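Contents: one structure, followed by commentary.
The values are calculated or read from the model by the stated rules, or taken from the named source; none is laboratory data. Predicted model only: the values in this text are computed from it and were never measured. The accessibility values were calculated without ligands, DNA or RNA, using every heavy atom of the protein model including side chains. Shrake-Rupley method; radii C 1.70, N 1.55, O 1.52, S 1.80 Å.
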Amino acid sequence: MSAGTTKMSETEDDLKPHYDFDYSKANPNRFAEEYKRMACHVGLDPDVAEQFPTQKSVNDALRD
């Protein structure tokens, strides 16, 4: 542990096992529209998808 930190015991933990959130008071994600514009999703035929099981494998192949 670094200087100035102390280990909390389980009895000092103030997190509850369950929280009830009032989502009616939540604000919309202000970054959602920007993220949608940045992402580009394409569908792969099943036989092609078998050869590229991850997003990284597709990107690596396309960049070679």
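Couple of notes before you dig in:
- The set of residues in segment 48-61 that are part of a helix (DSSP H, G or I) and open to solvent by 100 Å² or more (accessible area, probe 1.4 Å) comprises Glu50, Gln51, Gln55, Lys56.
- Candidates Thr11, Thr6, filtered to the one that is in a helix (DSSP H, G or I), at pLDDT below 90 and not aliphatic (A, V, I, L, M): Thr11
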